[in-house]
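Peer 1: Below: one structure in structure tokens.
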Amino acid sequence: MTFPKTRMRRLRATPALRALARETTLGPSDLVAPLFVCHGERVRNPIGSLPGHHQLSVDEAVREAESLADAGVGGIILFGIPASKDSEGREAYDENGIVPRALRALKKARPELLLWADVCLCEYTDHGHCGVLNGDHVDNDRTLPLLARASTAYAAAGADLIAPSDMMDGRVGAIRRALDQSGFPDTPIVSYAAKYASAFYGPFREAAGSAPRFGDRRAYQMDPANAEEALREVALDLEEGADMVMVKPALPYLDIIRRVKDRFGVPVAAYNVSGEFAMIQAAAQNGWIDGERAALETLTSIRRAGADVILTYFAREIAPVLGRVFA
């Protein structure tokens with residue numbers, strides 16, 4: 001009886017051997033945690049569909065950010081809950097709005113923590129769309145100056161990276177020009193370049209109060225069936241001045257992450273979105289899966305696909321675990 005000379009199991013036999021042969025690594029600094037900031041003091045409003053997450057007043061957001069920084073998480077990305085909404089989303093670009101207020105407090109408290117500022121109007125408009133309207137149509141070109149104003153307000157308040165998620169055509173160029181002209185030529189832009197019209201955004205829309213009041217966003221977010229179009233979107237955003245590009249969501253689009261990384265060779269972020277988080281949490285709470293292992297497997301798969309940075313709601317709970325798994 002003959003036996004194989006090559007036994008793949010040899011390097012899987014013990015934890016130390018598995019660590020030796022591991023191809024993909026992931027650390028807390030590779031993660032970015034989303035935070036939802038709102039007006040008031042000592043506010044921690046639970047978000048039902050995002051277990052463990054809250055709408056946070058600025059003082060509570062500072063506490064949360066300090067905890068994340070202590071865990072080694074690489075950064076946070078802010079989403080604002082305005083005091084009031086209107087047709088043009090004015091608080092999005094108000095220099096004294098909720099996000100600039102939070103940025104100033106966070107930068108003072110933990111200057112070493114990277115602060116990402118999401119740029120979009122959907123949380124701030126009374127109709128819930130990502131730009132201003134012309135009738136029932138989102139007016140792309142009228143929206144661009146407002147996104148640019150928001151970006152400069154966030155940069156002035158201390159944002160380290162500007163991350164436009166609106167999917168208006170030409171917004172990266174408009175933001176780059178505005179930042180350069182306002183004295184922020186070194187502030188990077190992380191473009192949500194390949195953002196799909198996904199069913200996985202539901203919990204986020206609850207958290208941010210950003211569900212559209214009519215219609216949907218398929219006229220400006222990408223069709224889930226398209227891959228070549230994502231590469232065109234990325235190419236255009238890079239030409240306009242994006243420094244990093246993002247794929248959103250992550251799990252249904254691992255192929256897009258890989259193709260973007262292989263084609264362009266630029267830093268790639270991936271957003272492990274609210275619905276992806278909520279599915280695992282719901283299954284874990286019902287005892288159907290091991291939640292921690294499922295989260296680790298999910299984040300590792302996103303990293304393996306080519307993501308340099310992962311935005312994820314798992315950041316706080318998984319960061320301490322990564323040191324044990326990938327040490």
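Peer 1: Please determine, by comparing only the residues of the stretch 203-214 that are of a type outside the set (A, V, I, L, M, F, W, C) and assigned to a loop (DSSP other than H, G, I, E, B), which one is farthest from the chain's Cα centre (by Cα).
Peer 2: Here the residue is R213.
Peer 1: Then there is this: Output the number of residues of the stretch 106-115 satisfying the condition of being in a strand (DSSP E or B) and open to solvent by less than 10 Å² (accessible area, probe 1.4 Å).
Peer 2: The number of residues fulfilling the criteria is 1.
Peer 1: In this structure, does V99 turn out to be without any contact (Cβ under 8 Å) to a residue 60 or more places away in the chain, closer than 21 Å to A178 by Cα and β-branched (V, I, T)?
Peer 2: Criteria not met by V99.
Peer 1: Let me ask something additional. So in the stretch 256-267, with the set limited to residues that are within 19 Å of M222 (Cα to Cα), touching a residue at least 40 places away in the same chain (Cβ under 8 Å) and not β-branched (V, I, T), which one is surrounded by the fewest Cβ atoms within 10 Å (Cβ to Cβ)?
Peer 2: R258
Peer 1: Test K248 against the stated conditions and say whether it is open to solvent by less than 60 Å² (accessible area, probe 1.4 Å), under 17 Å from the mean Cα position of the chain (by Cα) and of a type in the set (K, R).
Peer 2: Yes.
Peer 1: Taking the stretch 190-221 only, how many residues are of a type outside the set (S, T, Y) and in contact with a helix residue (DSSP H, G or I) (Cβ under 6 Å, 6 or more places away or on another chain)?
Peer 2: The total comes to 7.
Peer 1: Keeping to the stretch 297-327, report how many residues are open to solvent by 20 Å² or more (accessible area, probe 1.4 Å) and touching a residue at least 12 places away in the same chain (Cβ under 8 Å).
Peer 2: Total satisfying the criteria: 12.
Peer 1: Go through the stretch 119-159 and count every residue that is within 18 Å of K85 (Cβ to Cβ), surrounded by fewer than 19 Cβ atoms within 10 Å (Cβ to Cβ) and either modelled with pLDDT under 95 or acidic (D, E) (or both).
Peer 2: Going through the stretch 119-159 one residue at a time, the tally reaches 3.
Peer 1: Is it true that some residue in the stretch 166-189 is outside any loop (DSSP other than H, G, I, E, B) and within 14 Å of the chain's Cα centre (by Cα)?
Peer 2: Yes, there is a match, as at least one residue in the stretch 166-189 is outside any loop (DSSP other than H, G, I, E, B) and within 14 Å of the chain's Cα centre (by Cα).
Peer 1: Check Y313 against each of (1) in contact with a Pro (Cβ under 7 Å, 6 or more places away or on another chain); (2) under 30 Å from N134 (Cα atoms) and name the one condition it does not meet.
Peer 2: (2)
Peer 1: Give, as residue ranges, the helices (runs of 4 or more DSSP H) completely inside the stretch 215-327 that count at least 1 residues that are closer than 27 Å to P15 by Cβ and hydroxyl-bearing (S, T, Y).
Peer 2: Of the helices (runs of 4 or more DSSP H) lying wholly inside the stretch 215-327, those with at least 1 residues that are closer than 27 Å to P15 by Cβ and hydroxyl-bearing (S, T, Y) span 291-305.
Peer 1: Looking at the structure I just gave you, is R293 open to solvent by 60 Å² or more (accessible area, probe 1.4 Å), more than 18 Å from the chain's Cα centre (by Cα) and modelled with pLDDT under 95?
Peer 2: No, not satisfied.
Peer 1: So which residues in the stretch 183-236 are open to solvent by less than 30 Å² (accessible area, probe 1.4 Å), free of Cβ contacts under 8 Å to residues at least 40 places away in the same chain and touching a Pro at 6+ places or on another chain (Cβ under 9 Å)?
Peer 2: The answer is A197, and nothing else.
The values are calculated or read from the model by the stated rules, or taken from the named source; none is laboratory data. Keep in mind that this is a model prediction, so the values were computed, not measured. So basically every Cβ, Gly included, is an ideal-geometry build from the backbone, and we count neighbours across all protein chains shown. Calculation scope for accessible area: heavy atoms of the full protein, side chains included, ligands and nucleic acids excluded. Shrake-Rupley method; radii C 1.70, N 1.55, O 1.52, S 1.80 Å.
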